[in-house]
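K.L.:
Please find one structure pasted underneath; my questions will follow.
The values are calculated or read from the model by the stated rules, or taken from the named source; none is laboratory data. If you're wondering where the values come from, they're calculated on a predicted model, not measured in any experiment. All Cβ positions, glycine included, derive from the backbone under ideal geometry; neighbour counts span all protein chains shown. The accessibility values were calculated without ligands, DNA or RNA, using every heavy atom of the protein model including side chains. Shrake-Rupley method; radii C 1.70, N 1.55, O 1.52, S 1.80 Å.
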Amino acid sequence: MTDSTVTNGAPLAEVRAAVLAAAKAMYARGLVEGTAGNVSGRVDDGTVVLTPSSLSYEAMQLDDLVQLTLEGEVVAGHRSPTSEKPVHLAVLAAHPEVAAVVHCHAKHASMFAVARVPIPAAIDEFVIYVGGDVPVCEYHASGSKSLGPEVASKLGDRSAALMANHGLVAVGKSIDDALHTALVVEHNAQIMWGALQLGGVVPLPEKARTDFTNIYDYVRQHTWMA
Ligand SMILES: [Zn+2]
């Protein structure tokens, strides 16, 4: 059992730089269009750095980031935090080993989200990264408070979940790791979508699935906080 008072965070300056870099990378890699999507990272004092609402990624600077408590009170920053703040805070509050949350509208992942079909984990390496199929959360409106607990409930044993009729949420042991997970999920979603056109996805053998899920669980429980 993890001590809930201990969380996985990094020094403030490091988190701010990494959140900004991940936000710009998310845009550059095509995971979002316009000002959609958002990134958060946990500071070692328990606060959270979030990207702001409605600002282009090209223009975004360190000063535009917002620092909040886990309860949502603004500690520093002159902009409004992203409207998806409840999702970020709920996930970070529920999972102390998670250091960062990336939310994006990557095309293929969002296709599964709109169809409300889990993204199959039919590649063994994917199971090691994500923990299994990417589940679909029940629909709650974008920005609603009730979306937070629903998304958090799906991320206890997975590094990614789909928000129904919306997009993707990915988490990680660091901000870079959460971004990497989002990219891996989108890559995998494209492969699975193609496989469905070719006649269907053949699931991994049960033993491989179990073995690789066990590796994911071990790594998350023992190394994310290290
Ligand atoms: Zn969104």
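K.L.:
Quick one: net charge around GLY37, please, counting Lys, Arg +1 and Asp, Glu -1 for every other residue with C-beta under 14 Å from its C-beta.
P.N.:
Neighbourhood net charge equals 0.
K.L.:
Nearest 500 deg cm²/dmol is fine: what mean residue ellipticity at 222 nm does the chain get from its DSSP H runs of n ≥ 4 alone, each adding -39,500 (n - 2.57), divided by its residue count?
P.N.:
-13000 deg cm²/dmol
K.L.:
For the range 133-190, divide the Cα radius of gyration by the Kirkwood radius and give the resulting Rg/Rh value with two decimals.
P.N.:
Numbers: Rg = 11.1 Å, Rh = 11.6 Å.
Taking Rh as the inverse mean 1/r over Cα pairs, Rg/Rh reads 0.96.
K.L.:
In Å and from the alpha-carbon atoms only, list the Rg and Dmax of the range 79-175.
P.N.:
So, for the range 79-175, Rg and Dmax equal 12.5, 42 Å respectively.
K.L.:
Percent of alpha carbon pairs in the range 47-104 separated by more than 18 Å?
P.N.:
The proportion of pairs with Cα distances above 18 Å equals 28 percent.
K.L.:
Please compute the per residue accessible area over the range 118-226 with all protein chains in place, 1.4 Å probe, rounded to a whole number of Å².
P.N.:
Result: 47 Å² of accessible area for each residue.
K.L.:
Another one. Going by alpha carbons, how many degrees (0 to 90, nearest 10) lie between the helix axis of 85-94 and the longest principal axis of the chain?
P.N.:
Tilt of helix 85-94: around 70 degrees.
K.L.:
Considering only lysines 8 or more places apart in sequence, or on different chains, count the pairs in the chain whose C-alpha atoms sit under 19 Å apart.
P.N.:
So the count of such lysine pairs works out to 6.
K.L.:
Report, in degrees rounded to the nearest 10, the 0 to 90 angle that the Cα long axis of helix 175-197 makes with the longest principal axis of the chain.
P.N.:
30
K.L.:
Moving on to the next point. I'd like the distance separating the alpha-carbon centroids of the range 1-76 and the range 104-144, in whole Å.
P.N.:
22
K.L.:
So what does THR51 come to for accessible area, using a 1.4 Å probe and Å² rounded to 10?
P.N.:
0
K.L.:
Shape call for the range 159-226 from the C-alpha gyration tensor, a ≥ b ≥ c root eigenvalues: rounded (a/c under 1.5), prolate (a/b greater than b/c) or oblate?
P.N.:
oblate
K.L.:
Please compute the Kirkwood hydrodynamic radius of the chain from all pairs of different C-alpha atoms, in Å with one decimal.
P.N.:
17.3
K.L.:
What percent does the relative contact order of the range 118-210 come to when contacts are Cα pairs within less than 8 Å and at least six residues apart?
P.N.:
So the answer I get is 31 percent.
K.L.:
Quick check: the angle from helix 206-223's long axis to the longest principal axis of the chain, C-alpha only, nearest 10 degrees?
P.N.:
The angle comes out at about 20 degrees.
K.L.:
Suppose accessible area is computed on protein heavy atoms with a 1.4 Å probe; arrange VAL6, VAL169 from highest to lowest. Intermediate results must be reported in sequence, preceding the final value.
P.N.:
On the way: VAL6 70, VAL169 0 Å².
Largest to smallest exposure gives the sequence VAL6, VAL169.
K.L.:
Same structure again: Over the chain, what is the relative contact order in whole percent, taking alpha-carbon pairs under 8 Å and six or more residues apart?
P.N.:
The normalised contact order for the chain reaches 20 percent.
K.L.:
Taking 8 Å as the Cα distance limit and 6 or more residues as the minimum spacing, I'd like the relative contact order of the range 62-142 as a percentage.
P.N.:
That works out to 17 percent.
K.L.:
Which shape class, rounded, prolate or oblate, goes with the range 1-116 when its Cα gyration tensor gives a ≥ b ≥ c as root eigenvalues, a/c under 1.5 marks rounded, and past that a/b bigger than b/c marks prolate?
P.N.:
Cα axes put the range 1-116 in the oblate bin.
K.L.:
How large a share of the accessible area of the chain, in percent, is made up of carbon and sulfur atoms when the probe is 1.4 Å and the other protein chains stay in place?
P.N.:
Here carbon and sulfur together make up 55 percent of the probe-accessible area.
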